[in-house]
Amino acid sequence: MSKGRAEAAAGAAGILLRYLREQNRPYSAQDVFGNLQREHGLGKAVVVKTLEQLAQQGKIKEKMYGKQKIYFADQDQFDMVSDADLQGLDAKIVALTAKVQSLQQSCRYMEAELKELSSALTTPEMRKEIEELKKECAGYRERLKNIKAATNHVTPEEKEQVYRERQKYYKEWRKRKRMATELSDAILEGYPKSKKQFFEEVGIETDEDCNVTLPDP
């Protein structure tokens, strides 16, 4: 084996040995390859060969589960853990799990707040908006002042009179339109030409000809 290959093999062995010791749980060669390939760029063939060599050297343990080989750290290198220590670790896990959940909840709140703040106006934008609103308010105040100072206000009585006259003229318009329509229809029953020709000969202009329509009552 060349010096370069020997160094690469030694490096891979160190990475895999350290990984199995730190995780201290069983893995297949495929699991180890998938977990370390992105970080260390180890090829699958290198991982498989190195794990087999470490097992042969007694640095890790190897077991067969069906047709698959499982690798894990040699448990003799770890100190014995008492039941009390395990219970303490379990309690620590529960406490850390609760802390993680609390932090996750806080992160969600902060993300929601950040989203809200991101969509809100910035301080310069708010100042500009306030100035524009002040100008708009000043314009409305001036307009209101002029309205109050005007001497040509319409009294309620005058307003009511205008509405009464409008209603009167509206009814008269409808009445005359109906009468004209009925009269022209009666004449057209014995008229040999079209309605349009009749109107042209007589000189009748309709509302439509003048682009006007009967208003709402």
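The values are calculated or read from the model by the stated rules, or taken from the named source; none is laboratory data. Bear in mind the structure is a predicted one, so any value in this text is a computation, not a measurement. Note that each Cβ is placed from the backbone with ideal geometry, even for glycine, and that neighbours are counted across all protein chains shown. These accessible areas exclude ligands, DNA and RNA; they are computed on the full protein's heavy atoms, side chains included. Shrake-Rupley method; radii C 1.70, N 1.55, O 1.52, S 1.80 Å.
Below are the figures for this structure:
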read-out: From Val48, Val100, residue being open to solvent by less than 80 Å² (accessible area, probe 1.4 Å) and in contact with a helix residue (DSSP H, G or I) (Cβ under 6 Å, 6 or more places away or on another chain); value: Val48
read-out: Residue satisfying all of: in segment 60-94; acidic (Asp, Glu) and within 23 Å of Leu16 (Cα to Cα); modelled with the highest pLDDT among these; value: Glu62
read-out: Search result, residues across segment 69-89 that are in contact (Cβ under 8 Å) with a residue 12 or more places away in the chain and either open to solvent by less than 70 Å² (accessible area, probe 1.4 Å) or touching a Phe, Trp or Tyr at 6+ places or on another chain (Cβ under 6 Å) (or both); value: Ile70, Tyr71, Phe72, Ala73, Asp74, Phe78
read-out: Every residue from segment 134-158 that is open to solvent by 80 Å² or more (accessible area, probe 1.4 Å) and modelled with pLDDT of 85 or more; value: Lys134, Lys135, Glu136, Tyr140, Arg141, Glu142, Arg143, Leu144, Lys145, Glu157
read-out: Flag for Arg166 being in contact with a Pro (Cβ under 9 Å, 6 or more places away or on another chain), without any contact (Cβ under 8 Å) to a residue 40 or more places away in the chain and either open to solvent by less than 100 Å² (accessible area, probe 1.4 Å) or not small (Gly, Ala, Ser) (or both); value: yes
read-out: Residue that is surrounded by the most Cβ atoms within 10 Å (Cβ to Cβ) [pool: residues in segment 21-44 that are at pLDDT below 90 and of a type in the set (A, V, I, L, M, F, W, C)]; value: Leu42
read-out: Top-ranked residue of segment 169-217 - restricted to ones that are in contact (Cβ under 8 Å) with a residue 24 or more places away in the chain, assigned to a helix (DSSP H, G or I) and among the hydrophobic types (A, V, I, L, M, F, W, C), ranked as least open to solvent (accessible area, probe 1.4 Å); value: Ala180
